[in-house]
Amino acid sequence: EAGVAQSPRYKIIEKRQSVAFWCNPISGHATLYWYQQILGQGPKLLIQFQNNGVVDDSQLPKDRFSAERLKGVDSTLKIQPAKLEDSAVYLCASSALGQNNSPLHFGNGTRLTVT
Amino acid sequence: AQSVAQPEDQVNVAEGNPLTVKCTYSVSGNPYLFWYVQYPNRGLQFLLKYITGDNLVKGSYGFEAEFNKSQTSFHLKKPSALVSDSALYFCAVRGRSSASKIIFGSGTRLSIRP
């Protein structure tokens, strides 16, 4: 099966600019996650979708971050405006529907550098 | 609140020797526990998980992990390390309620010297 696809792989922007990341999960996976991984740390959940609905966005900085999954398949994460501390790898993951013991399948991530 | 700790930032092992990467957790009730591996410039890859039953779980690439409820630990092990095992390893925990989210540890860098 094809894995989780993410683009772009790398992005460099200046602070206060905007940026968007795209993710296409494994076919048939209803649950989609966006994680932020800062260098030297474990991934931190930003938002979780079940189909096209938001399950958890409690750690999403909503003043600058937004995400959507309009048709319940692919998803976009946006940052506007970016800050220096947003420099990180943004990982998308997907899992099969509705089971807490389902492993997550990760994409290769987008490395964002904010200067 | 859920939490997971990986007390060692780095573990160094000679090739052919056994390796252990430590993980302890805190969660209400019985947990689901996971190990993931991350190679440079790649996303995390699932290695193994504990759901219930046998405390020794076997996973990919010859890795196994031992669940110890009394010590709230889930250490990753391999009897004979390979240089290709060098990578970043993450332990993760999730509760069994529908509202529970998966929490990752801070990671342990495993370095296998030839």
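Quick check: at a probe of 1.4 Å, how many percent of the accessible area of region B:1-78 sits on carbon and sulfur atoms? Can you show the working numbers first?
Working: 1750 of 3920 Å².
Solvent-exposed carbon and sulfur of region B:1-78 make up 45 percent of the total.
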With a Förster distance of 41 angstrom and the Cβ-Cβ distance between residue B:84 and residue A:58, calculated FRET efficiency to the nearest 0.05 equals 0.60
Largest-first ordering by accessible area, 1.4 Å probe, given options B:13, A:54
A:54, B:13
Starting from the Cα-Cα distance between residue B:77 and residue B:58, subtract it from 0.36 nm times their residue separation and give me the gain in nm to one decimal.
5.9 nm
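What is the local net charge at residue B:95, summed over the other residues whose Cβ is closer than 15 Å to its Cβ (Lys, Arg +1; Asp, Glu -1)?
Combined, the nearby Lys, Arg, Asp and Glu give +4.
Could you sort B:2-11, B:85-94 so that the peptide with the highest average Cβ count within 10 Å comes first and the rest follow in order? Intermediate results must be reported in sequence, preceding the final value.
Values: B:2-11: 15.0, B:85-94: 22.2.
Output ranking for B:2-11, B:85-94: B:85-94, B:2-11.
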What does the average come to when, for each residue of peptide A:101-110, you count the partner chain Cβ atoms lying within 10 Å of its Cβ?
6
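Using Cα pairs closer than 8 Å and at least 6 residues apart in sequence, work out the relative contact order for chain B, in percent. Kindly include the intermediate steps, with their values, before the conclusion.
Values: 287 pairs, mean separation 42.6, N = 114.
Computed value for chain B: 37 percent relative contact order.
What does the charge count around residue A:101 come to, taking other residues whose C-beta lies under 14 Å from its C-beta (Lys +1, Arg +1, Asp -1, Glu -1)? Working shown, then result.
Numbers: positive: B:49, B:94, B:96, B:101; negative: none.
So the surrounding residues net to +4.
Let me know the mean shielding of A:36-43 by other chains, meaning the per-residue number of their Cβ atoms within 10 Å of its Cβ.
Mean inter-chain Cβ contacts per residue within 10 Å come to 5.
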Once the other residues with Cβ under 14 Å from the Cβ of residue B:109 are scored (Lys, Arg +1; Asp, Glu -1), what is the net sum?
-1
For residue A:78, list the lysines whose Cα falls under 17 Å from its own Cα; do not include residues on the same chain fewer than 8 positions away.
A:11, A:15, A:44, A:62
Looking only at other chains, what is the average number of their beta-carbon atoms within 10 angstrom of each beta-carbon in B:97-104?
5
Probe of 1.4 angstrom, ligands and nucleic acids ignored: what's the accessible area per residue over region B:1-77, in square angstrom?
51 Å²
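The values are calculated or read from the model by the stated rules, or taken from the named source; none is laboratory data. It should be emphasised that the depicted structure is a prediction, and the values quoted were computed from it without experimental measurement. Backbone-built Cβ (ideal geometry, glycine too); neighbour counts: all protein chains shown. Only protein heavy atoms, including side chains, enter the accessible area calculation; ligands, DNA and RNA are left aside. Shrake-Rupley method; radii C 1.70, N 1.55, O 1.52, S 1.80 Å.
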